[in-house]
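Laboratory data are not the source of any read-out in this text; all were calculated from the coordinates shown. All figures in this text were calculated on a predicted structure; none of them were measured in a lab. Here the Cβ positions follow ideal geometry from the backbone for every residue, glycine too, while neighbour counts run over all protein chains shown.
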Amino acid sequence: MMRKKPAIIFFVVLLVAAAFLRFWKLSQRSVFDFDQETLAWSAKRILVDKDPPLLGMKAGPVDVFIGPGMYYIYSFVYFFSRMDPIGANIFAVLMGLITMSVLFYTAKVIYSVSEALIASLIYAFSFVISGFDRLAWLLAPIMLISLLIILLSYLFMKRKEKIFLYLLLFVLGFSFHSHFTALFYYFIVLLYFLWCGFPKLTRKDILLSLLILIFWFSPLIVFELKYDFLNTKGVIKLFSTVAESTNYFNRFKDLWRYTLENQARIFFSQFYKFNKLSTTLTVIPLVFLLTRLFDKKENFLSRLFFLFIIFPILAFLFYPGNVPEYYFILNFPVLILISSRMIVYFYRRFCCFRVPLILFLTAFPIVNFQDILKDSFPAFSLVDKKAAVKFIVRNAGQRSFNYGFSGEMGFNTGFEYLFYYFKNQPSKQNEDLKYTIVVPADYLEKKVDFKAGNIGVIINEEAEKH
């Protein structure tokens, strides 16, 4: 076992490396699309309009709304960044670094320093996780929430101290302010306690627990009472509207494959080039987890991890919409913890695996480090959208103007807020001075007057007369 001081030094080195990979050219690698613009407008609504919302973002194909907590958190972020959207990306990176620190502590508590360092190394250099950690979105704290639920559930079951239960309920209450998949946490924790034996609670414990949850759900409760339980009906409809022709066995196989692919994405930056091989290899940690279910020393944790993996698969069997990979992001910390435990276990028990494991742990950060630095910038980044809007604002000067958009569907996001940020919003009248933002820049097959990245701006003929 590594001594405490060298372990802390090594972790700090990993944390610095993770910070570098996430902050490197952050502006060029940040996007400002629908989710990011929604957060920006919500911050403006809270800070400038003084109009606090009761609901968060709409989720799923039906009327399901999460809590507004993340809107308020991002409003603080925008306050300190003076309404500049890049502040939200800086916040996301800092959230990722906090998550990595909690991952180290959690692995150290439930396993040992060895697993903690390996888990931190995986998190620090993972290509896909570094990308998630740069995104300003509602899911920014979801991996941290998963880790806190794992840690607090484990400590409560192991030590039977009520403070861990209250903290757990506090985290659970907040979780539904991040994403609608946080609903899974409630069922996972409930099933875990039923499986492992729920500690006895007094009436005071139950009352305090309910008050904690009511605190977080109070905005939604007000909305429900006001609008005839619209959100509750939406949740029920969301997970009960499945086509009659649905083949549940095939859907289960697909969802299981998504889980394996997410495990593979954590480790293999070139996942799409070797998806069959990488997906096959990631069966091993999950098989290892199943063997741990029968180990008396680890079955408490293994049961919790098993529920984290299997419950979303079962829940999404009844979900009518598309299931993108980020819907499983709540499982990423679980997959990292399982993998780090398996690596240490195999290293200690089987001498023949030591050299391959050392080679893997050496190659993993090197390959992912290079791939992160070489990764291409997004075609329509925040910095490019800022440049396009700046050009229009400067070109217009003190004159009134309006603008139009021409491009592919879904690419006209972010510009409205940036005009507000640069304090020169377009007129709603039919002005002589007009601009056309073209995304991508060659969409109209015309020469553009200004280009930033793959975003073009055309000054219309009426403007050229001035």
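Ordering CYS196, CYS351 by the number of other Cβ atoms within 10 Å of each residue's own Cβ, fewest first, gives CYS351, CYS196.
Its alpha carbons considered, the range 280-435 gives a radius of gyration followed by a Dmax of 25.9, 77 Å.
With 10 Å bins beginning at zero, the pair-distance distribution over Cα atoms of the chain amounts to 4, 18, 26, 26, 16, 7, 3, 0, 0 %.
Evaluate the relative contact order of the range 4-374 (contact order divided by residue number), counting alpha-carbon pairs under 8 angstrom at least 6 apart; express in whole percent.
Numbers: 434 pairs, mean separation 78.8, N = 371.
Relative contact order for the range 4-374 comes out at 21 percent.
Given only helices, namely DSSP H runs of n ≥ 4 each adding -39500 (n - 2.57), what is the per-residue ellipticity at 222 nm of the chain, to the nearest 500 deg cm²/dmol? Using -39500 (n - 2.57) per qualifying helix, the result is -20500 deg cm²/dmol.
Once R0 is set to 35 Å, what does the formula 1/(1 + (r/R0)^6) return for the Cβ-Cβ distance between LEU444 and GLN270, expressed as a FRET efficiency to the nearest 0.05?
0.50
A viscosity of 1.002 mPa s and a temperature of 20 °C, combined with the Kirkwood radius over Cα pairs in Stokes-Einstein, give a translational diffusion coefficient for the range 113-237 of 129 µm²/s. Cβ-to-Cβ counts within 10 Å put MET70, MET100 in ascending order as MET70, MET100, the fewest first. Excluding same-chain neighbours fewer than eight residues apart, the lysines reachable from LYS204 by a Cα-Cα span under 25 Å are LYS158, LYS160, LYS162. Hydrophobic, long helices, defined as DSSP H runs whose alpha-carbon span along the helix axis is 24 Å or greater and whose mean Kyte-Doolittle value is at least 0.5, occur in the chain at 4-23, 86-110, 142-159, 203-226, 299-316, 332-349, 354-374. Grab the beta carbon distance between TRP41 and ASN430, set R0 = 25 Å, and tell me the FRET efficiency rounded to 0.05. Between TRP41 and ASN430 the formula returns 0.50. Given the pairs LYS44/LYS233; LYS50/LYS385; LYS253/LYS386, which are separated by over 32 angstrom at their Cα positions? Distance filter (> 32 Å) returns LYS253/LYS386. For the pair PHE193 and LYS233 in one chain, pulling the backbone fully straight at 0.36 nm per residue adds 11.7 nm over the alpha carbon distance. Hey, if you put +1 on the Cβ of every Lys and Arg and -1 on every Asp and Glu Cβ in the range 382-464, which of ALA388, PHE422, ALA441 ends up farthest toward the positive end of that dipole? Result: PHE422, furthest along the dipole toward the positive end. Starting at 0 and stepping by 10 Å, how many percent of the alpha carbon pairs of the range 382-464 end up in each bin? Taking every Cα pair in the range 382-464, the percentages come to 19, 58, 23, 0.
Three principal axis extents describe the C-alpha atoms of the range 139-180; from largest down they are 31, 15, 11 Å. For the chain, a crude dipole built from +1 on the beta carbon of Lys and Arg and -1 on the beta carbon of Asp and Glu, taken about the Cα centre, is about 1960 debye to the nearest 20.
Once fully extended, how much extra length lies between LEU54 and VAL222, figured as 0.36 nm per residue of separation less the alpha-carbon to alpha-carbon distance? Walk me through the numbers before you get to the answer.
Details: separation 168, 0.36 × 168 = 60.48 nm, distance 0.79 nm.
Separation in residues times 0.36 nm, less the Cα-Cα distance, equals 59.7 nm.
By the count of other C-beta atoms within 10 Å, a proxy for reagent exposure, GLU224, GLU161 are ordered fewest to most as GLU161, GLU224.
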